[in-house]
Amino acid sequence: MSAVRSFAVNRRHTSREYEDELQQLRELVLLMGAKVEQLIKSSIDALLTRNTELAKKMIVADREVNRLELSIDELCLHILARRQPVASDLRLITITMKLVTDLERIGDLGVNISERVIELNEEPPLKPYVDIPKMAEMAMGMVHDALDAFVAGDDSQAEDIIARDETVDAYYHQIFRELLTYMMEDAKNIGRATRLQSIAKYLERVGDHATNLAEMVIFAVKGKDPRHKGSRSGPATGE
Amino acid sequence: MRTKLFLVFASLILISGAIASRFLNNTVRQTAQGNVDRALRLSARTFAHLAASIPQERWQNELSQQLGSVDREDISLSLYEAKGQRVLGTEVMPPTGNEPPSNEVKQALAGKESFSRVYLLPEAAPFLVAFVPVLQKNEIVGAVRASINHAPTEHALESARQDLLVAIVFLLAFAAGGAWMGPRLFSGAITDLLSTASRMANGDLQIRSVFHPRDPLAPLAKSLDLLASNLAKSLEALKSERDLVGRILERMEEGVLVLTADRHITLINPALRDVLMPKPSLNAATSSSRSGDDVFDVRGRTLMEVFRHAELSGLLDRSSDHERVKLEIEVQGLRPRRLMVTSTRFREGGYLVVFVDVTEIRRLESLRRDFVANVSHELRTPVASIRSASETLPLTIRGGDEAASLRFVDIIERNADRLQSLVEDLLDLSKIEAKEYRLAIEGLSVPRLVAHIFGLFRDRAERRKISLEADVPGTLPILHTDRRAIETVLSNLVDNAVKYCPDGATVRVTGSVEKDRLRIDVKDSGLGIEKQHLPRLFERFYRVDEGRSRAKGGTGLGLSIVKHLAEAMGGSASVSSTMGTGTTFTVRIPLSRTDAKPSPTAMEDSLG
C-alpha cells in the first residue's frame, strides 16, 4: 500500500508551485494518453465502417498528440532544471519522459493505420474482419490498462498487461498466415492483403509499446527497472 | 478562577500585613521607645539637675539619699565626676575600679548628651543608656548615666509582632476560604453561564442556561439561549436544504459533475458515477488491489484521473460562463453508451458538467433511418417494374402484340398488388405500434380458427407436398380476442412455414393451455434458423436470406406484424429453432381480455 501511495502525486512538497507543476504534468500525460487511445480506436472504427473521413480526421488529430509530447518534455526539463528533484521525484520525471515517447509512437501507429484504411477504402473489402478487431481490442486494452495503472500508481496489473502481449503477437501471426493464403489465391488480393497485414503489424507494435508503458509503471512504483531481464546478466555468465 | 481570587486576596493581605508590620515596627517602636527615651532622659536630667544643685563634695552623702526619690524602679542612675570616675549609682555594674572612662562618659564630660543602646552582656536584653552632663554655673563638673532595661519594650514589640503574624495567617486562611467560596456564592451564576456558553460553542446547541429570573445575569443568559436556538434552527434549515439537494442529485437520471477551476472533482452524483466507473466485477482481482483506497471516493481527484476522455478536456476548455457548450461522447465498457455532455463555467471559477444518456434516442434514430431506407428500397423495385412495364405497354399495344401487352399488364398488376400489401402491412404495423389498434373481442373456437387458416393455404401446400397437421383438441377453451388479429397472426406464421419449408415437409399447429393463456405452436420441419438470427427475427424487414425472401414475395414485415399483434392482444410471440430439424414459432394469447388495451411488451418470451 505504501508503494502505491509513494508514487501518487499526493505528497507534500515544500513549494506549492512544485506541487502544481507535478499535477499539471500528470494531467498532460493523461490527456495525451486519452487522445492516443481515441486515435487508435477511431482508426480501427474507420477500418470497420469504411469511413475515410474519420481516418483523415485521425491523421490530423495526431498533430495534437505531438504538440502534447513537446509540452510535456518541456515541462519535464523545466522541473529538472528548476526543482532538481531527487529519488522518487526524479524517477517520476524520467519515467514520464519515457512514457510520453511510447505514447507518441502509438499515436504515429494510429496515423499509419488510418493511412492504410484510406487506401483500403478505395477497393471493396477483402474479407469480413474478425481477427483484426479482436487484436485491436486486446492491444487497446493493454494501453488503457497501462494508463489506468499509471493513474492509480498501482503496478499489480502490470505483469498481466505484459503477458497479454504474447496473445497480441499470436494474433499477428495468425492474421499474417491467413492473409498469405488470400494473396496466394489471387494476385488481385495482394494490394488489400498487404495493407491489412501492415495494419496488423502496427497493432502488434502498439502492443509492444503498451508493454513498455507497463514496465515503466513497475519501475515507477517499485524503483527497480524490470526491463530487459534477459540481457542484464553479461556474456560472462553465459545467460 | 479561584486561584486568581485567592492570589489577589493573599497578596492584598500580605501587602497590608507587611505595611502594618512596618507601621507597627516604626510607630510602636518609636512611641514606646520615645516614651522610654523621654523617661530616661528626664531621669538623667533631673538627676543631673539635682547633682548640679549640690556642691560636689556633698554628692556622696546627699545624693545617695536623693537617689531613692529620683530613682524609678527600672531606671538605674550613676554619677560620674569630672575626671570620669564613678561616684555613685544604683545600677549594678561590674566593679569598675579604675577603669578608664568610656567614650560616652568622655563625651558627656565634654558637654554632649548621648543616647544609645548597648548590650551589656552578649545575648542579654538590650539596655537604653543616656548620658547627660552636670553643669554648675556653666561648668561641666560631672556626668549622669541613666539606663533602662529595654527588654520589656522589646518583648512587647515582639509579642505585638507575633500577634500581627497570627492575624495575618488567619486572614490568609480567610482569604483562601473566601476565594474558595467566593466564586460559588458570588459568581456562581457566571461560572454556570460560562460553562453553558462553552458547551454551546463546542456544538451542543440543545443545552440551555438555568438561572433565576431575578439574577442580574438573567438578560445575558436569555440572550445566550436565544442565540443558541436561532443557530440551531438555521443549521437545521441548512441541513434539510442540503439533504433535499442531495436527494435530488441522488435520484436524478442525468449525471451531474462539479469541478474546481483546476478540474478537481467537488461533487459527483451517483448516476454519473455508475456510468463512468461501473462497479468492478465480482471476481476481478483488481477490486482487491486497491485496499485502503476507496475506488468510489473520487472527490478531490482530477477529472482526467477518473475518466480519461480526450474530448471532455477540450469541452471544458471551450466552456464559458455565459453559454453552454455541448458535446456527444461515447463511453466504452460492458455497456457502451452515448452521452450528451453540457458544460458551463462559474464566474468565480469551476465547472458544472451535466451528462444525459442519449443512447436509446440515438439507437431509435438509427433504427428509423434504417427503416426508412428499407422501405424506400422495398418500394423502389415494384415501382420500377410498374414504370418500365407501363412505358413499354403503349408500344406493344400499338404494335398489336396482344400476348406481350397482356404480359406487361400482368406485371403491372402483380407489382401493384405487391405495393398494396406493402403499404397495408406498413399501415397496420404503424397502427399497432401506435397502440391505435382497436380489438373487437369475440369468442372464437380455436380448432375452427386453425381449420380456416389451413383452408387458405391448402392448395399451395398440396402443390409442394407439404402436409398441414393440426393438433388442436376440441377441449380447448374459447378464446376471447380480436378475430382479425389472431387470424393474421396464424396466417402469417403458417404462410412463412409453408414458404420456407422444402417440399415434403410438415407444418404442425399445436394448441394448448398455459395458465391463463392459450399457447399456439407452429412447428415446421424445415432447415431451421441459425442462432444469431433468432433475436432479430421479429424486426421489421429483417431477412435471414435476402434474395430468397424477396423471390418468394415476402414483404419482410410478416413476423413484425405477428409480434405486435400478439402483444396488442395482450400476449407474446417467440421462436426456437434447431438447425436441420426445424423451427417452432410460439404465440401466447390470454384466453380472455375484457379490455381492448394491449399488454406491455413481454421481452422475456421473445426468445422462447
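Only one of the numbered conditions (1) charged (D, E, K, R); (2) buried (at least 21 other Cβ atoms within 10 Å of the Cβ); (3) more than 14 Å from chain B (Cβ to nearest Cβ) is not met by A:ARG91, and that is (2). Is there a residue in the stretch B:514-524 that is of a type outside the set (A, V, I, L, M, F, W, C), outside any loop (DSSP other than H, G, I, E, B), without any contact (Cβ under 8 Å) to a residue 40 or more places away in the chain and surrounded by 16 or more Cβ atoms within 10 Å (Cβ to Cβ)? No, because not a single residue in the stretch B:514-524 is of a type outside the set (A, V, I, L, M, F, W, C), outside any loop (DSSP other than H, G, I, E, B), without any contact (Cβ under 8 Å) to a residue 40 or more places away in the chain and surrounded by 16 or more Cβ atoms within 10 Å (Cβ to Cβ). Of all the numbered requirements in (1) assigned to a loop (DSSP other than H, G, I, E, B); (2) among the acidic types (Asp, Glu); (3) surrounded by 12 or more Cβ atoms within 10 Å (Cβ to Cβ), B:GLU348 misses one, and that requirement is (3).
Test A:HIS144 against the criterion of being on the phi > 0 side of the Ramachandran plot and either among the aliphatic types (A, V, I, L, M) or surrounded by fewer than 21 Cβ atoms within 10 Å (Cβ to Cβ) (or both), and give yes or no. Judged against the criteria, A:HIS144 is not a match. Look at (1) assigned to a helix (DSSP H, G or I); (2) touching a strand residue (DSSP E or B) at 6+ places or on another chain (Cβ under 6 Å) and you find that B:ASN492 fails only one, number (2).
When the stretch A:24-65 is filtered for residues that are without any contact (Cβ under 8 Å) to a residue 60 or more places away in the chain, farther than 23 Å from A:ILE95 by Cα and facing chain B (nearest Cβ under 9 Å), only A:ALA61 remains.
Residues in the stretch B:299-317 that are of a type in the set (D, E, K, R), in contact (Cβ under 8 Å) with a residue 24 or more places away in the chain and more than 10 Å from chain A (Cβ to nearest Cβ): B:ARG299 alone. Scanning the stretch B:331-369 for residues that are out of contact with any helix residue (DSSP H, G or I) (no Cβ under 8 Å at 6 or more places or on another chain) and basic (Lys, Arg) gives B:ARG335, B:ARG345, B:ARG347, B:ARG362, B:ARG363, B:ARG368, B:ARG369. The criterion of being more than 18 Å from A:VAL217 (Cα to Cα), among the acidic types (Asp, Glu) and modelled with pLDDT of 90 or more holds for A:GLU74. Evaluation of B:ARG369 against the conditions (1) of a type in the set (Lys, Arg); (2) closer than 29 Å to B:ILE265 by Cα; (3) out of contact with any Pro (no Cβ under 8 Å at 6 or more places or on another chain) shows that the sole unmet condition is (2).
Of the helices (runs of 4 or more DSSP H) lying entirely inside the stretch A:126-239, those containing at least 2 residues that are free of Cβ contacts under 8 Å to residues at least 60 places away in the same chain and more than 22 Å from the chain's Cα centre (by Cα) span A:158-185, A:190-222, A:229-232.
Residues are listed down the side, and each one gets a yes or a no for (1) farther than 18 Å from B:THR578 by Cβ; (2) among the β-branched types (Val, Ile, Thr); (3) outside the structural domain of B:GLY558 (by TED's automatic domain parsing):
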| position | (1), (2), (3) |
| --- | --- |
| B:THR475 | yes, yes, no |
| B:LEU493 | no, no, no |
| B:GLY504 | yes, no, no |
| B:VAL507 | no, yes, no |
| B:THR510 | no, yes, no |
| B:LYS523 | no, no, no |
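Return yes or no: is B:ARG145 of a type in the set (Lys, Arg), assigned to a strand (DSSP E or B) and either modelled with pLDDT of 75 or more or outside the structural domain of B:LEU12 (by TED's automatic domain parsing) (or both)? For B:ARG145, the condition - of a type in the set (Lys, Arg), assigned to a strand (DSSP E or B) and either modelled with pLDDT of 75 or more or outside the structural domain of B:LEU12 (by TED's automatic domain parsing) (or both) - is met. When B:ARG58, B:ARG38 are screened for being more than 28 Å from B:PRO126 (Cβ to Cβ), out of contact with any strand residue (DSSP E or B) (no Cβ under 7 Å at 6 or more places or on another chain) and modelled with pLDDT of 75 or more, only B:ARG58 passes. Here B:THR506, B:THR488, B:THR481, B:THR510 are screened, and the one residue that is in contact (Cβ under 8 Å) with a residue 24 or more places away in the chain, under 29 Å from B:LEU364 (Cβ atoms), β-branched (Val, Ile, Thr) and surrounded by 12 or more Cβ atoms within 10 Å (Cβ to Cβ) is B:THR488.
Listed here are the residues, each with its yes/no results for (1) under 28 Å from B:VAL372 (Cα atoms); (2) at pLDDT below 85.
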residue	(1), (2)
B:ARG508	no, no
B:LEU534	yes, no
B:ARG548	yes, yes
B:LYS563	yes, no
B:THR584	no, no
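Note on the stretch A:126-141: residues that are within 11 Å of another protein chain (Cβ to nearest Cβ) and crowded, with 19+ Cβ neighbours inside 10 Å amount to 1. All of A:ALA61, A:ALA87, A:ALA34, A:ALA81 fail the test of being at pLDDT below 95 and within 14 Å of the chain's Cα centre (by Cα), apart from A:ALA34.
The values are calculated or read from the model by the stated rules, or taken from the named source; none is laboratory data. Predicted model, so just to flag it, every value in this text is computed and none were measured. Neighbour counts are summed over all protein chains in view; Cβ atoms, including those assigned to glycine, are modelled from backbone coordinates with ideal geometry.
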